[in-house]
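**Q** Submitted below is the structure of interest, expressed as structure tokens.
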Amino acid sequence: MEETREIIVCKEHGFSLIELLVGAIIAFLVAAAAFTMLTTSSKATRVSDQTAQTQQSARIAMELLSHDIKMAGFAMAGPVGNCNQAIVPADNNVGGADNGPDSISLVVPAQVGTVNTTTSMWPIQSIDVNLTSAVNVGDPISIGGMASTTVSVVSGTTLTLQNSYPKPMTFTAGTPVYLLQCVTYQVIRPTDVNASVCGGNAPCLVRGINAPLVGGRMDCNGPGGTTACVAITDGVEDVQFSYACDGCNAAINAGVADGIIDDQGVVDNQFTLADFVSDNSWTVAPMTGDTIRLVLVNVVARETRPDQGFGEGNATMTTNSPSPITVSDHNPALDSGYSLATYQQYRRRIVTRTVEVRNIGL
């Protein structure tokens, strides 16, 4: 018998050029999609971090301002530094709409020590103090918030007081002793001559103690290059203050304080936002700083770096009509050098609070 054999030949095939090109394109598209997702996620994370930091900056600024406004005066007995009153408003434009941030000066306490020994002899003319900070002749001090006076002599730990206090006034051991200071808050903008004070992060909120004032604003770079301002919060580009007062309207209760906020404009015996005053120098009676009882504070903070392709996103943003944040009587669109394109590069947050003045003094 004949044996029949069938031989099967297997041919091996490689990838054609077209198949290689298709595979390469698919791999490229997958890599591109992954890179886009990674880039977008990275940008979103960065924007989220910047937004959170912006909100934090606004809140920090508000906390600092609120604390010092509440303590303003601290039963002061006379002028302190540049502050002839507990609150010295400095509106950007007392005659109408502002074209920049307001500033404010306040008399606030800073603890410098405690009373060592309870007084036992009257009248009290001096106190023994455990000092933690330097006190000089002429410094205004407050002893426990009960008595305010000026230091006339410093001898070791003994402070001789300009005023004497009869019985039964007593300063017990441990009573805190405060130095009264006139502090000024203001915003430094990128276009300001003092922009370097912000350490390259203008705008920023700065605070100065007994600093020289020019038109209500601090001269941050004083004689000899001395820096009178300390940057405390980056990104704060606007601060606006409005004030409600008691005894400032001569047409109400004959201008005598009665514990009720005075109406402004329309007398309706109701307290509304219209009773806050934005444009005034607060230097002409009866509308003077010592009548201020409430301060409406608005803080606007922006990102320290521009967004990259994510848009503005502020509270007044609409689909087709992005607009700047108008606070109180300040519309940034009316500022010199305003540019909508530049303004839209930053996200902003605004914090608003009404602060009650508790220690007005004088």
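The values are calculated or read from the model by the stated rules, or taken from the named source; none is laboratory data. This structure is a prediction, so every number in the text was calculated from the model and none was measured. Ideal geometry is used to build each Cβ from the backbone, glycine not excepted, and the neighbour counts take in all protein chains shown.
**Q** Could you check, for segment 221-243, whether at least one of its residues is at pLDDT below 90, part of a loop (DSSP other than H, G, I, E, B), hydrophobic (A, V, I, L, M, F, W, C) and over 23 Å from GLY113 (Cβ atoms)?
**A** Among the residues of segment 221-243, at least one is at pLDDT below 90, part of a loop (DSSP other than H, G, I, E, B), hydrophobic (A, V, I, L, M, F, W, C) and over 23 Å from GLY113 (Cβ atoms), which makes the answer yes.
**Q** Considering THR40, THR45, THR54, which residue is under 28 Å from the mean Cα position of the chain (by Cα), over 30 Å from TYR243 (Cα atoms), assigned to a helix (DSSP H, G or I) and at pLDDT below 90?
**A** One residue alone meets the criteria, THR45.
This table checks each residue for (1) within 27 Å of the chain's Cα centre (by Cα); (2) under 24 Å from ALA72 (Cα atoms).
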residue: ASN201; (1), (2): yes, no
residue: VAL214; (1), (2): yes, yes
residue: GLN240; (1), (2): yes, yes
residue: ALA244; (1), (2): yes, yes
residue: ASN249; (1), (2): no, yes
residue: ILE260; (1), (2): no, yes
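**Q** Quick one: which of VAL197, VAL187, VAL267, VAL193 is hydrophobic (A, V, I, L, M, F, W, C), over 30 Å from ILE127 (Cβ atoms), part of a loop (DSSP other than H, G, I, E, B) and under 23 Å from the mean Cα position of the chain (by Cα)? Outline the logic, then answer.
**A** Working: VAL197 fails: part of a loop (DSSP other than H, G, I, E, B); VAL187 fails: part of a loop (DSSP other than H, G, I, E, B); VAL267 fails: under 23 Å from the mean Cα position of the chain (by Cα).
Answer to the selection: VAL193.
**Q** Look at GLY255 and say whether it is of a type outside the set (Val, Ile, Thr), in contact with a strand residue (DSSP E or B) (Cβ under 9 Å, 6 or more places away or on another chain) and either on the phi > 0 side of the Ramachandran plot or without any contact (Cβ under 8 Å) to a residue 40 or more places away in the chain (or both).
**A** no
**Q** Which one of the conditions (1) surrounded by fewer than 17 Cβ atoms within 10 Å (Cβ to Cβ); (2) assigned to a strand (DSSP E or B); (3) among the aliphatic types (A, V, I, L, M) does VAL151 fail to meet, given that it meets all the rest?
**A** (1)
**Q** All but one of (1) surrounded by 21 or more Cβ atoms within 10 Å (Cβ to Cβ); (2) under 27 Å from PRO332 (Cα atoms); (3) not polar (S, T, N, Q) hold for ALA211, so report the exception by its number.
**A** (2)
**Q** Which members of segment 262-301 meet the condition of being of a type in the set (A, V, I, L, M), touching a strand residue (DSSP E or B) at 6+ places or on another chain (Cβ under 9 Å) and surrounded by fewer than 18 Cβ atoms within 10 Å (Cβ to Cβ)?
**A** Passing the criteria: only LEU273.
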